[in-house]
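Structure, as structure tokens:
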């Protein structure tokens, strides 16, 4: 993934390292995250569902499926909220790994299937007006700028978190589960 | 007090104090347990660093610690001639308010002596620097869940023996972890040849299914034979308008949700969304929601 220059927007931002962080030992681990959202999936409240799946190496460590707290008018909004939630989970996980003195290899690779969200978090010059979306927007972009995360787009077909946001057909479910358990169980 | 009769009719008994009869102590009674995510990280961590995992149970753990409260009791006929005299309780008996904290503090002092250090992020994960024979530097991890101990190290037996010297480890409990908190743990080989650990809720689900089936049977029903998906096709729980459940059924619904949530924690990742959807109705489920849960159990029975 290409590293973009963010200094004009967020200054010399670097990932916050816990103070007094102990020196890590052992082989470094990489982290990967899949994010998805199902816009207005709840027919009564019109709220969206977030689905997040986080891997450390090849084992799934965090799986998360929750209804969002705000009503979003656009798919873009709900996907960005999901992306922000993922970002926060990732930061918590990275802090945890650091405090357990496990070395982390590079930024967490984050995959979402919404093109607009991905390009918005990757292109420094893109802007946004709605307040709570803007908050999610800056929250996500800051971690990208700091090198905590690196975001990329995957086709919906390959988004492993798809199953955490909508009820899918048995075939598609089985396929995704196989992908997850291939990574974890084999 | 007998509190469990095992399959072979041996009785498991334990002296339990009535903690509710004592006043709440001024000192802390808090005793935390290890986070599930820490357990998952520990199992993950073992594979890339080629470490071994050993688990053990400390037998009658609490009794190793001293009682922090000043309590006395009147001796019963079981002490023979001295029956009727007042006795001061010295050991941290099961059931007392401070016992959990007392045991934890005792174990903590031993672990500190062994060179372990509690981590800031999860006080029940202990680590200490170690070096493998081939000079590879790493940290040993030790996880504590009350009396369950899990050691992740190149040679975890050393640590376990050190603990075993002081406290009686339950016979047969020392070994490679097979079950922890109700989860099945398996050793698997990855395609690239590395050995890794996998965690799953198979047995927990099996046990849960037995209970669910028994409940259904007592009402003359049974689980559906066919359930390709966790929820019925096209089912939208929020659109369900069937009558609301009564108090007893609501309780049962909540119990099932509790079971399912724990299964999720243990690694049943295929129903994450569905359980999340159904949990929304935990406070006031409708009959249709319960039906949907039965459908989910039928799916889990098939998926096994």
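We did not get these values from a lab; they are worked out from the coordinates using the rules stated. Small disclaimer: the values here were computed from a predicted structure and weren't measured. Methodologically, a virtual Cβ is constructed for each residue, glycine included, from the backbone with ideal geometry; neighbour enumeration extends over all protein chains shown.
Return the whole-Å distance between the Cα centroid of region B:227-304 and the Cα centroid of region A:2-45.
Cα centroid of region B:227-304 versus Cα centroid of region A:2-45: 33 Å apart.
Given q = 0.24, 0.30 Å⁻¹, what are the Debye log10 I(q)/I(0) values for region B:193-249, with equal point scatterers placed on the Cα positions and solvent ignored?
Result of the Debye calculation: -1.21, -1.15.
Could you give P(r) for region B:202-303, binned at 10 Å from zero, as whole percent values over all Cα-Cα pairs?
15, 53, 31, 1
Just the Cα atoms of the protein assembly as shown: what Rg and Dmax do they give in Å?
Computed over the Cα atoms of the protein assembly as shown, radius of gyration and Dmax are 25.5, 88 Å.
Give me A:54, B:257 ranked fewest to most by other Cβ atoms within 10 Å of their Cβ, as a rough exposure proxy.
Ordered by Cβ neighbours within 10 Å, fewest first: B:257, A:54.
With no solvent and one point per C-alpha, what does the Debye sum give as log10 I(q)/I(0) for region A:52-186 at q = 0.17, 0.21 Å⁻¹?
-0.98, -1.39
For the pair residue B:247 and residue A:130, how long in nm is the line joining their label points, each one 7 Å along Cα→Cβ?
Output for this residue pair reads 4.4 nm.
Could you give the distance between the Cα centres of region A:123-186 and region B:96-152, to the whole Å?
35
Count the DSSP beta bridges whose two residues both fall in the protein assembly as shown, then state the antiparallel fraction as a percent rounded to the nearest 5.
Percentage antiparallel, nearest 5: 85.
Considering only DSSP beta bridges whose two residues both sit in chain A, what percent are antiparallel, to the nearest 5?
Given both bridge residues lie in chain A, the antiparallel proportion sits at roughly 65 percent.
Let me check the size of region B:244-304 from its C-alpha atoms; what are the radius of gyration and Dmax in Å?
11.1, 32
Under the rule of -39500 (n - 2.57) per DSSP H run of 4 or more residues, summed and divided by the residues of chain A, what mean residue ellipticity at 222 nm is obtained, to the nearest 500 deg cm²/dmol?
-11500 deg cm²/dmol
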